Amino acid sequence: MEDHLTVGVIGAGTMGRGIAQVAATAGHRVFVLDRGRDELDNALSFLGHIQDRAVAKGRISREDADTLLRRISVTTEVGDLSPCDLVVEAIVEDVNIKRTLFASLESVLASDAVIASNTSSLSITALAAGLKHPERFIGLHFFNPAPLLPLVEVIPGLQARNGLGDEMMVLMRQWGKRPALAKDTPGFIVNRVARPFYGEAIRMLEEGLADEATIDWAMTDLGGFRMGPFTLMDLIGNDINYAVTESVWTAFHFDSRYQPSFAQKRNVDAGWLGKKSGRGWYSYGEGVPAPKPRMDKDLGQDILWRILVMLINEAADAVFWGVASAEDVDRAMQGGVNYPKGLLAWAEEVGLDRCVETLDRMRSHYGEDRYRCSPLLRSRAAEGRGFFS
Ligand code: NAI
């Protein structure tokens, strides 16, 4: 693709405004479309505020900030997107609403313009199937906040023309991102591989092995993760986190590895959604003391190891099923959700044999398929090989 493109971004919400900023920073002309004038005004003032802050901190000159902002125009009319070479859709996560939008978009765009979706959970292949030209459709999955997190999952659907994935990988690198190529499978890379971070943590809580604060402490202080699972679920919102788990579980035909938990469902039913509702796994009222973890290192190392080994197993299985290369899986978890290390590199550090033994022990103890070891992890351990050789 050329260096200077005209880029459309549809949806001026959390993701759309961030993607618009990234594209404008890369030097492209950007049109942001939303159905409401208020949303567009809010997005423009938000983007202006971000640039003001960057100028105040000396990260960009006033002149460059103004040039960047001048590259962004807003509109409520799909017709204004007709000059776009690439349009990235970031509207509500609803397959029918997205399909209706793509139909009107195709009526104004050139037939070779690329249409991308930022969907987190819908099948790219299924979305493309509604298009007149499905070969120009692709997933470009940015992470929140889009200007700060380096990962973009690039997901060609089944119908994508040859080379489209590679072209988007090049373009995303030009946008300053660290993209990872992913097969169109439920959860792509990150939302699939990260499931045990939440699921296994809740499982230990439900079993009474430790409380939320202790599990969070083990993952942050002993494991080096930026946030513990319960703090993170409260930040994301238990409603959203539960919906992602449920959608991945359903899409995998109810594989027990991804099974949602009763405890999180109860939180959602109670309206305990997390920070945004004042209560989730934790309470956020003024003056409520932070719960104290049980800082028992032995217990902590159990906790950390159990979640880590399940994450490693999931990462290995994603490679086994050809969802992405080992390099891209590790890059994705570091660049999209800030994991302190790539999971497969971590597995090599601790020893693949040890991972297999733990999984086998848990499978036999619980008698559940949830703990089955990935064939790739088992075979690499048996061969004495790692994932990158
Ligand atoms: P949001 O609710 O913040 O923004 C959506 C925007 O789309 C709103 O401004 C709304 O007015 C607009 N909109 C809705 N229907 C429209 C239509 N038919 N035509 C034009 N504009 C329309 O949503 P958010 O969080 O930005 O999510 C957007 C997409 O990005 C979803 O597909 C979501 O799954 C995905 N995503 C969200 C992430 C997040 O952390 N919020 C992360 C990665 C992907």
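The values are calculated or read from the model by the stated rules, or taken from the named source; none is laboratory data. Note that the structure is predicted; figures quoted are calculated from it, not measured. Here the Cβ is made from the backbone with ideal geometry for all residues, glycine too, and neighbour counts use every protein chain on show.
Residue-level check: of (1) closer than 23 Å to Thr14 by Cβ; (2) touching a residue at least 40 places away in the same chain (Cβ under 8 Å), Pro83 misses just (1).
Give just the number: which of (1) away from the ligand (no atom under 16 Å from the Cβ); (2) at pLDDT 95 or above does Ser111 not satisfy? Among (1) away from the ligand (no atom under 16 Å from the Cβ); (2) at pLDDT 95 or above, Ser111 violates only (2).
Per-residue answers, yes or no, for (1) in contact with an Asp or Glu (Cβ under 6 Å, 6 or more places away or on another chain); (2) closer than 30 Å to Pro150 by Cβ; (3) surrounded by fewer than 14 Cβ atoms within 10 Å (Cβ to Cβ):
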| position | (1), (2), (3) |
| --- | --- |
| Pro289 | no, no, yes |
| Pro293 | no, no, no |
| Ile303 | no, yes, no |
| Pro340 | no, yes, yes |
| Ala347 | no, yes, no |
| Asp360 | no, no, no |
| His365 | no, no, yes |
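Each residue in the stretch 359-388 was checked for being closer than 23 Å to Val190 by Cα and out of contact with any Gly (no Cβ under 8 Å at 6 or more places or on another chain), and 14 pass. Filtered by the rule that a residue be crowded, with 19+ Cβ neighbours inside 10 Å and of a type outside the set (Gly, Ala, Ser), the stretch 126-146 gives Leu127, Pro134, Arg136, Phe137, Ile138, Leu140, His141, Phe142, Phe143. Within the stretch 238-249, residues that are touching a residue at least 40 places away in the same chain (Cβ under 8 Å) have Cβ atoms under 8 Å from residues that are in a helix (DSSP H, G or I) and among the charged types (D, E, K, R) in these pairs: Thr245/Arg195; Val248/Arg192; Val248/Arg195, counting only partners at least 6 apart in sequence or on another chain.
I need the full set of residues from the stretch 203-213 which are touching a residue at least 40 places away in the same chain (Cβ under 8 Å) and over 19 Å from Tyr284 (Cβ atoms), in order please.
If we filter the stretch 203-213 for residues that are touching a residue at least 40 places away in the same chain (Cβ under 8 Å), which is where we start, we get 203-206, 209-213.
Arg203, Met204, Glu206, Leu209, Ala210 - these are the residues of the stretch 203-213 that are touching a residue at least 40 places away in the same chain (Cβ under 8 Å) and over 19 Å from Tyr284 (Cβ atoms).
Within this structure, Ile115 passes the test of being in contact with a Phe, Trp or Tyr (Cβ under 6 Å, 6 or more places away or on another chain), without any contact (Cβ under 8 Å) to a residue 60 or more places away in the chain and buried (at least 20 other Cβ atoms within 10 Å of the Cβ). Inspect all residues belonging to the stretch 163-175 and state whether any of them is crowded, with 24+ Cβ neighbours inside 10 Å, outside the structural domain of Thr231 (by TED's automatic domain parsing), of a type in the set (A, V, I, L, M) and more than 15 Å from the ligand (Cβ to nearest atom). Within the stretch 163-175 (the criterion being crowded, with 24+ Cβ neighbours inside 10 Å, outside the structural domain of Thr231 (by TED's automatic domain parsing), of a type in the set (A, V, I, L, M) and more than 15 Å from the ligand (Cβ to nearest atom)), the answer is yes, since at least one residue qualifies.
Condition check ((1) in the same structural domain as Thr14 (by TED's automatic domain parsing); (2) more than 15 Å from Trp175 (Cβ to Cβ); (3) more than 10 Å from the ligand (Cβ to nearest atom); (4) in a strand (DSSP E or B)) across all residues:
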position: Ala103; (1), (2), (3), (4): yes, yes, yes, no
position: Thr119; (1), (2), (3), (4): yes, yes, no, no
position: Ala126; (1), (2), (3), (4): yes, yes, yes, no
position: Leu149; (1), (2), (3), (4): yes, no, no, no
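So, of the residues in the stretch 243-282 that are touching a Ser or Thr at 6+ places or on another chain (Cβ under 7 Å) and modelled with pLDDT under 95, which turns out to be farthest from Glu200 (Cα to Cα)? Show your work before the answer.
Going through the stretch 243-282, the residues touching a Ser or Thr at 6+ places or on another chain (Cβ under 7 Å) turn out to be 244, 247, 258, 260, 271.
If we keep only those that are modelled with pLDDT under 95 as well, we get 244, 247.
On the way: Val244: 15, Ser247: 17 Å.
Looking at residues that are touching a Ser or Thr at 6+ places or on another chain (Cβ under 7 Å) and modelled with pLDDT under 95, I get Ser247.
Could you tell me whether Met219 is assigned to a loop (DSSP other than H, G, I, E, B), within 20 Å of Asp302 (Cα to Cα) and at pLDDT 95 or above? Taking the combined requirement at face value, the residue does not satisfy it. Within the set Val32, Val87, Val22, the sole residue that is within 11 Å of the ligand (Cβ to nearest atom), surrounded by 20 or more Cβ atoms within 10 Å (Cβ to Cβ), of a type in the set (Val, Ile, Thr) and not in a loop (DSSP other than H, G, I, E, B) turns out to be Val32.
Take the stretch 67-77 and flag every residue that is within 14 Å of the ligand (Cβ to nearest atom) and buried (at least 18 other Cβ atoms within 10 Å of the Cβ). Show your work before the answer.
Applying the first criterion (within 14 Å of the ligand (Cβ to nearest atom)) to the stretch 67-77 yields 74-77.
Residue satisfying the conditions is Val74 alone.
Before we move on, is Pro186 assigned to a loop (DSSP other than H, G, I, E, B), within 10 Å of the ligand (Cβ to nearest atom) and either within 29 Å of Tyr242 (Cβ to Cβ) or of a type in the set (Asp, Glu) (or both)? It would help to see each step written out before you state the result.
On the way: assigned to a loop (DSSP other than H, G, I, E, B): yes; within 10 Å of the ligand (Cβ to nearest atom): no; either within 29 Å of Tyr242 (Cβ to Cβ) or of a type in the set (Asp, Glu) (or both): yes.
No, not satisfied.
With respect to the stated conditions, Arg59 fails to be of a type in the set (Lys, Arg), assigned to a loop (DSSP other than H, G, I, E, B), within 15 Å of the ligand (Cβ to nearest atom) and farther than 17 Å from Leu140 by Cα. Only one of the listed residues (Pro179, Pro145) is within 16 Å of the ligand (Cβ to nearest atom), in a loop (DSSP other than H, G, I, E, B) and under 30 Å from Leu68 (Cα atoms). That residue is Pro145.
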